[in-house]
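A.B. asks: Could you have a look at this structure, given as structure tokens, before my questions?
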Amino acid sequence: MVRRDGVRGGVWVCTENGERFWGKKCVVTVGAWTTKLVKTVGGIALPIQPLETTVCYWRIKEGHEGGFAIGGDFPTFASYGDNYIYGTPSLEYPGLIKVAVHGGYPCDPDKRPWGPGNPLAPLKEWIEGRFSGVVDSGGPVATQLCMYSMTPDEDFVIDFLGGEFGKDVVVGGGFSGHGFKLSPVVGRILADLALSGEAQGVELKHFRMARFQENPKGNVKDFL
Ligand SMILES: Cc1cc2nc3c(=O)[nH]c(=O)nc-3n(C[C@H](O)[C@H](O)[C@H](O)COP(=O)(O)OP(=O)(O)OC[C@H]3O[C@@H](n4cnc5c(N)ncnc54)[C@H](O)[C@@H]3O)c2cc1C
């Protein structure tokens, strides 16, 4: 819970185990819980939808591991089609490559369904079509479930909470499955907003919460 201190200003953060912390500023980066927390604290309904998604690792056939290795020519890729499929070079697990569907099914982060996971048939077909003979398309060797926090336009939310908190609470959320690679710059922007009330040289119009009031789908995009 986050509360305004009406007397000396600043913000109280109260944890579930009863601890209380006061600070001049507060930065909220709670991932899939953003919608719930922002609604409770600020009364704002943000359309950030938690999605349970599945990471899949596939076995590279013997003798072909070098072609998929990190540091070589194999790219991090996105394949736009009926399914949006992405993958990365082999890194986390020797001999395995990550190829998965970008997306998932809506979930409540406090009552995770932990399955059934994204359908595997489109992935198997895609792998068979692209990597026939070099990656085993029979099924993933390992799968992991985790959560996206998805906005309707898949753009981030980086903004002040406003209301009684003014510029004292900064929200960073809705990273829509592509926030990791930008975390250094997002972290800098969030820190700038908290420390000085602005992020110099960065246009944040795109990331405002209010964009969903103007258009429930958020930022309008043209795809050629
Ligand atoms: C399967 C998968 C693949 C991905 N692949 C990529 C990729 O290839 N490239 C890329 O750029 N991004 C990728 N992402 C997205 C990236 O991981 C996220 O955008 C990023 O982790 C979001 O960071 P975050 O800090 O908003 O949320 P999180 O990393 O989810 O962190 C939020 C934290 O807040 C904590 N929390 C929640 N509520 C509270 C509370 N009330 N008090 C205190 N703490 C709280 C949570 O426990 C959690 O630790 C992927 C995500 C997934 C799930």
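The values are calculated or read from the model by the stated rules, or taken from the named source; none is laboratory data. Worth saying up front: this structure is predicted, and the values here are computed from it rather than measured. Reconstructed Cβ throughout: ideal geometry from the backbone, glycine too, with neighbour counts over all protein chains shown. Each accessible area value is taken on the protein alone, full model and side chains, heavy atoms only, with ligands, DNA and RNA left out. Shrake-Rupley method; radii C 1.70, N 1.55, O 1.52, S 1.80 Å.
A.B. asks: Kindly list, by first and then second residue, each pair from a residue in segment 85-99 that is touching a residue at least 12 places away in the same chain (Cβ under 8 Å) to a residue that is of a type in the set (V, I, T) and assigned to a strand (DSSP E or B), limited to pairs with Cβ atoms under 6 Å and residues at least 6 apart or on different chains.
C.D. replies: Here the result reads I85/V101; G87/V99; S90/I97; G95/I60; I97/I60; K98/T88, each pair linking segment 85-99 to a residue that is of a type in the set (V, I, T) and assigned to a strand (DSSP E or B).
A.B. asks: Something else: Kindly indicate the residue of segment 70-90 that is in a loop (DSSP other than H, G, I, E, B) and within 13 Å of the ligand (Cβ to nearest atom) and also most open to solvent (accessible area, probe 1.4 Å) among those meeting that condition.
C.D. replies: Applying the filter and picking the extreme gives T76.
A.B. asks: Return a yes/no flag: does segment 139-148 have any residue that is more than 30 Å from E62 (Cα to Cα), in a strand (DSSP E or B) and open to solvent by 30 Å² or more (accessible area, probe 1.4 Å).
C.D. replies: Yes: segment 139-148 contains one or more residues that are more than 30 Å from E62 (Cα to Cα), in a strand (DSSP E or B) and open to solvent by 30 Å² or more (accessible area, probe 1.4 Å).
A.B. asks: Here's a follow-up. Does segment 7-26 contain at least one residue that is under 22 Å from the mean Cα position of the chain (by Cα) and under 27 Å from P109 (Cβ atoms)?
C.D. replies: Checked segment 7-26: at least one residue is under 22 Å from the mean Cα position of the chain (by Cα) and under 27 Å from P109 (Cβ atoms).
A.B. asks: May I pose another question? So E198 fits all but one of (1) within 10 Å of the ligand (Cβ to nearest atom); (2) in a loop (DSSP other than H, G, I, E, B); (3) not basic (K, R); what number is the exception?
C.D. replies: Against the list (1) within 10 Å of the ligand (Cβ to nearest atom); (2) in a loop (DSSP other than H, G, I, E, B); (3) not basic (K, R), E198 comes up short only on (1).
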